[in-house]
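Since the structure comes first, as structure tokens, the remarks are kept for the end.
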Amino acid sequence: MNAEVATAPVAEAAPEKKEFWRWQENVWFDETKKDWREAKIITCGIDVGSVSSQAVLVCDGELYGYNSMRTGNNSPDSAKNALQGIMDKIGMKLEDINYVVGTGYGRVNVPFAHKAITEIACHARGANYMGGNKVRTILDMGGQDCKAIHCDEKGKVTNFLMNDKCAAGTGRGMEVISDLMQIPIAELGPRSFDVDVEPEAVSSICVVFAKSEALGLLKAGYTKNKVIAAYCQAMAERVVSLLERIGVEEGFFITGGIAKNPGVVKRIERILGIKAVDTKIDSQIAGALGAALFGYTLMQKQAKAA
Amino acid sequence: MIANYGYKDGSGEYYISIDTDKCIDCTAGRACLTACPKNMFEIITDDYDDEVAWVKKECTRALAYDCAACKPAGGYTSLPCTTACTPGAIKHSW
Ligand code: SF4
Ligand code: SF4
């Protein structure tokens, strides 16, 4: 190689713009379970949400693996990519799957789905699996909407309410604050407790106004942590008011990405005076998991009818 | 199942709730469909394969405005939807 070329000055690369809002995408499968090739019924749930997409595989009614990633430009590709990610990991092909159920706002655009079921029914079913049959009240804090759901011991919805009118109290709202504060999204929750005194909630319930209010608080001398705490408190108050409309019963479970943010979850628990049911399963896959479980039930019904 | 459609904003809570168990064997001949001047109701097959009424998606974000003409100040003493639905499945929160 020509040394002169090799050492020639190169234009300085533009500094990479940090994406503080970017949350951890995740592909996982349960290595302790028997190989999927031994399963009699394999079902898949695909949840195409406005912010994230998940593909969950269920073997004989048990969670086997999943892929959780950011939603792309269109629903069909997001669905395909989510499923491909987990299938590649375990050497599975689409034809190995017996039944696919689509859910989420893009559920009718999952090209290989046999059926579409609303995210309300799927979150209830997923929460029933993740938190057990004692779960009665579910709060789903999704990317761009919030749902309050009551269900019975089988995970069947008995009452629901959805707020998709504004992004306050949703994952998208938290992403906006993460970017604004220039703090990685996973750090927001823990940092919201690193304050001398718990601040009042930001007064606005609209994410756009909350943004300008947050900037105002910084100018007024609030630390970033204090602003985050005020925002987490506002989100908690906002979703609690949604929950109060249908009432909160014991066996309270939170699904969706915000369930991973202790800054919001602990404040919700504090306001309600009850603790949310714990789970080791990623809260973000509840909808897709419920969809895959619906698929399993449908396959069992078909088998019985045959 | 009680299905709540609507929203809460700075001016108040605007929800229409439908007790879908009453829709399954509707004894009002699906009267909600024709009673609403804004055509807000529709019969769908829900996730549990029951045929029930719901509020059309495109209507759920503007209930305060769309229902305004039916509310008492608009000249009604009762709402067309709740009156037509004799099983009592429809309720308004405001
Ligand atoms: S809302 Fe009332 S009128 Fe409409 S289908 Fe249900 S029970 Fe019948
Ligand atoms: S109040 Fe009037 S516009 Fe609103 S749902 Fe009832 S009938 Fe329709």
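The values are calculated or read from the model by the stated rules, or taken from the named source; none is laboratory data. Just so it is clear, the structure is predicted and the values come from calculations on it, not from any experiment. Cβ coordinates were reconstructed from backbone atoms using ideal geometry, including for glycine residues, and neighbour counts include every protein chain displayed. To get the accessible areas, we keep the full protein, side chains included, count just its heavy atoms, and leave off ligands, DNA and RNA. Shrake-Rupley method; radii C 1.70, N 1.55, O 1.52, S 1.80 Å.
Points worth noting:
- A:Ile285 being part of a loop (DSSP other than H, G, I, E, B) and of a type outside the set (Ser, Thr, Tyr): no
- Hey, B:Tyr5 within 14 Å of chain A (Cβ to nearest Cβ), surrounded by 14 or more Cβ atoms within 10 Å (Cβ to Cβ) and at pLDDT below 95 or not: yes
- Note on the range B:1-27: residues that are within 13 Å of ligand 1 (Cβ to nearest atom) and not aromatic (Phe, Trp, Tyr) total 15.
- Evaluation of B:Arg30 against the conditions (1) within 12 Å of chain A (Cβ to nearest Cβ); (2) among the basic types (Lys, Arg); (3) within 12 Å of ligand 1 (Cβ to nearest atom) shows that the sole unmet condition is (1).
- Test: B:Cys81 is in a loop (DSSP other than H, G, I, E, B) and within 10 Å of ligand 1 (Cβ to nearest atom): no
- Listed conditions (1) more than 15 Å from ligand 1 (Cβ to nearest atom); (2) modelled with pLDDT of 95 or more are all met by B:Asn39, apart from (1).
- Selection from the range B:83-94 of residues that are within 9 Å of ligand 2 (Cβ to nearest atom) and either touching a Lys or Arg at 6+ places or on another chain (Cβ under 7 Å) or open to solvent by less than 30 Å² (accessible area, probe 1.4 Å) (or both): B:Ala84, B:Ile90
- Filter pass, A:Glu187 being charged (D, E, K, R), open to solvent by 10 Å² or more (accessible area, probe 1.4 Å) and within 14 Å of chain B (Cβ to nearest Cβ): no
- Restricting the range A:241-250 to residues that are part of a loop (DSSP other than H, G, I, E, B) and either charged (D, E, K, R) or open to solvent by less than 10 Å² (accessible area, probe 1.4 Å) (or both), the residue that is nearest to the other protein chains (Cβ to nearest Cβ): A:Glu249
- A:Gln84 vs. criteria surrounded by fewer than 24 Cβ atoms within 10 Å (Cβ to Cβ) and in the same structural domain as A:Ala229 (by TED's automatic domain parsing): no
- Residue match in the range B:54-69 (condition: of a type outside the set (Val, Ile, Thr), in contact with a strand residue (DSSP E or B) (Cβ under 8 Å, 6 or more places away or on another chain) and surrounded by fewer than 16 Cβ atoms within 10 Å (Cβ to Cβ)): yes
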